[in-house]
Amino acid sequence: MQPRIDRYFSQAVTGKLRRHALILFFLWSLLLAGSGLWNVYQLRSDTVEKARIEARTILEHNIAYRRWNSKYGGVYVARSGSIQPNPYIVSPRRDLTATDGTQLTLVNPFQMTKQTYALLQEQSPLAAINRTVSLNPMNPENEPDEWEAKSLREFEKGAVEVSEVTSINEMPYVRVLQPYVTYESCLECHAVQGYEVGDIRGGMSIAVPMEPYFAAERSTRRIILGTHGAIWLAGMLGIALFIRGISRQQHQTAASEWKFRTLSEHAQDWQYWITEDGQVVHSTPSCERITGYTAEEFLRTPGLIHDIIHPEDRPSYERHFRQDIAAPEHEEIDFRIFTRSGQAKRIFHVCGPIYQGGSLLGRHVSNRDVTDRKQLEEQLLQAQKMESLGLFAGGIAHDFNNILTVITGYASMLQKKLATAEEPVRKQLQDIVTSALKARSLISSLLAFGRKQVMRRTTVSLNGVIRALGRIVERIIGEDVELRIQCSAIEFLVHADRHQIDQVIMNLMTNARDAMPRGGVVTVTTEPLVVDQLSAERIGVAPGKYMVLSVHDTGTGIDKEHLNHVFEPFFSTKEAGKGTGLGLAMVYGIIKQHEGSIQIASEQGVGTKVSIYFPAERTVDAKQERLALSFDAMVRGTETVLLAEDDDMVRSLLKDVLEANGYQVIAAADGDAALQEIRQAKDMIDVAVIDLVLPHRNGRDLYEEARRAVPGFRAVFMSGYDTEELSVRGLLSEGVILIPKPVDIEKFLLALRSLLDT
């Protein structure tokens, strides 16, 4: 293990030094590149300046020669083929005859320099070029080119020299142009042009070829670049050796530091070193994860540890802190703290003394966050309570559901008989039904917590469910909350357990009410939706048709920290004693059983929206749905029904309900009496309604005996026990039509009619 850690650290340190080396390499390369470019730039500037100096030197010589020529009135030479009288010299002494008869002609400064440079051009193809130019030339040969004309205008602005590197015949030249001043000796020929002594009547330019200079520059540039390359390479090698050296020197010290830091930074517990006077001299970074405060804050503020402790737990912490700091062991304690965000956490605290060379330096403290463990313990206790409640509920469910069956049954019958009664009477009957339904939902919820119930799916209209629960929901949410129901005109029917959907809606409405203690608005909507592949991945369902049920409240909202935990069992943001933390967990489980999805969005101070996606069956128009056959016409019949029920009030109720809908009823109070009735009137009985738990003979045995006596015997079963209990007793099997108690009269009549019509 140790060599592997060392190798890992070596790689980490090498990687860090490599980054530093790359930075040094880059800076060194940048420095040498900058130096090389600067030297090359200076070399070019020096090369041009050297050529310019040569041009100025030639120019000054030429001007001196021309001034000398002008000073002495020109030079007489013998006339020849190349030397002919100058037509632009107007002096009467232009042409003379020597004593020996030789014909002489006067050569002026311009003519002298022109012929001199013609000889120079014959000697060298790259010789300097001399020109005398003027914006008002007497001789057309002195007409300036574009660059010379521009430069001559600069003289009018006060310039004393113009120079530039240009191209002549596609070859680089440095050109220097200086003004040509009129002297006394010049007036003999140029006075006719209006010039006076001191006037600038043009300029003299020298063009020096740059190619020889550039050739020398290239040679020097190669030397500069080669020298810089060698220096760069030597520097790179030096940097590499330097990095290698410090890497070896730092490895051992840095490895030890790295190991200590790794252990410290990855510690899950909050560990710190505290002195006798309460000063924190070191703290692991895990303190920020646990408390929300950084290690630097604890170092800067010694009293911060004391300040974050719950006021009720401070006395015990102070007693613990006042114990002998040198004691080898202090008692283990736990206390509560408040984090930076205000969240309460439970801390388990242990500590021990720190010595160095026999000197006490303080104590080492280890604080462990045991909040989750405490919550799990509380959740386990809560789960045990709920299990006990479920067992208790299961024990009373049978009798309790029989009582509810009588209440809801007779109340429903009275509602039909008193449909035209006064409003107070009808309202009182509706309140009886509503209260009974709430009691049925309560006992069902208790059974759901205690035992897992079998889901019975049917084709369900969400719009119908919501409208049916509207009155009950209004009473749940209270008068200070406005209920808005917005059902879509077109809906997809869903394949779901109607009772479980009721539970989902009631839970969501209860949560919405609790989130609006000062009143507000809760909106329930339904919407058909076709989910494509992309949306399916986001929602967490398979592509297809869905019916979306949404409950949106304008309550306090849920903060982001809690939003990801709302579906966890026993998690609740309500005050202690006001919520079990099972409501949304149960909703989540029901929706997942239905192969749907649930999404929640919330913002504090704005409200919460819960959206549920139910897989759909088919499309139905809400208007056509209202044209269906009336319920009474669907459930009426004339057949004979055997009713086997041991509870007198339930038996009396169901007998009245069946007879009120046209059926003939034979009633029996136990299993033996029911079997005797079947044997005596077997040709008359069309169907039986049997309670699965009967005295003397249970409903399942009664059914088997009846099938042997009457082949094809049909029956609908009832029970106030949950399905798990019936399965354990062996009373429930696949294919059995079971009506749970308290009996929903409409469902009971529909199930009976469906069996008779099959």
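The values are calculated or read from the model by the stated rules, or taken from the named source; none is laboratory data. None of the values given here were measured: they were computed from a predicted structure. No Cβ is skipped: glycine too gets one built from the backbone with ideal geometry, and neighbour counts run over all protein chains shown.
One residue stands out in the range 144-169 among those that are surrounded by 13 or more Cβ atoms within 10 Å (Cβ to Cβ) and in a strand (DSSP E or B): the one that is modelled with the lowest pLDDT, namely Ile168. Being hydroxyl-bearing (Ser, Thr, Tyr) and within 60 Å of the chain's Cα centre (by Cα) is a condition met by at least one residue of the range 714-722.
Go through the range 530-556 residue by residue and tally those that are crowded, with 17+ Cβ neighbours inside 10 Å, assigned to a strand (DSSP E or B) and among the hydrophobic types (A, V, I, L, M, F, W, C). Within the range 530-556, residues that are crowded, with 17+ Cβ neighbours inside 10 Å, assigned to a strand (DSSP E or B) and among the hydrophobic types (A, V, I, L, M, F, W, C) number 5. Given the structure, is Val728 exposed (fewer than 15 other Cβ atoms within 10 Å of the Cβ), of a type in the set (A, V, I, L, M), modelled with pLDDT under 85 and not assigned by TED's automatic domain parsing to the domain that holds Ala468? Yes: the conditions hold for Val728.
Contact map, the range 342-355: residues that are closer than 16 Å to His330 by Cα paired with residues that are small (Gly, Ala, Ser) and assigned to a loop (DSSP other than H, G, I, E, B), Cβ distance under 8 Å, separation 6+ or inter-chain. Pairs shown: Pro353/Ala326; Pro353/Ala327. For the range 640-660, the set of residues classified as touching a helix residue (DSSP H, G or I) at 6+ places or on another chain (Cβ under 6 Å) and of a type outside the set (A, V, I, L, M, F, W, C) consists of Glu645, Asp647, listed by residue number. Condition first: outside any helix (DSSP H, G or I) and either at pLDDT 85 or above or touching a helix residue (DSSP H, G or I) at 6+ places or on another chain (Cβ under 7 Å) (or both). Can you find one or more residues in the range 218-233 that meet it? No: zero hits.
The condition (being surrounded by 14 or more Cβ atoms within 10 Å (Cβ to Cβ) and polar (S, T, N, Q)) is satisfied by just one residue among Thr291, Thr301: Thr291. Listed by first and then second residue, the pairs with beta-carbon distance under 9 Å, at least 6 apart or on different chains, first residue in the range 400-427 and within 12 Å of Val657 (Cβ to Cβ) and surrounded by fewer than 17 Cβ atoms within 10 Å (Cβ to Cβ), second β-branched (Val, Ile, Thr) and modelled with pLDDT of 80 or more, are Met413/Val657; Met413/Ile745. Within the range 734-751, at least one residue is free of Cβ contacts under 8 Å to residues at least 24 places away in the same chain, surrounded by 14 or more Cβ atoms within 10 Å (Cβ to Cβ) and part of a helix (DSSP H, G or I).
When each of Met718, Met684 is tested for being closer than 19 Å to Arg753 by Cα, loosely packed, with under 14 Cβ neighbours inside 10 Å and at pLDDT 85 or above, the lone residue that passes is Met684.
Taken residue by residue, the range 360-368 has at least one member that is more than 13 Å from Ile274 (Cα to Cα) and at pLDDT 80 or above. The set of residues in the range 68-83 that are farther than 11 Å from Leu106 by Cβ and at pLDDT 75 or above comprises Trp68, Ala78, Ser80.
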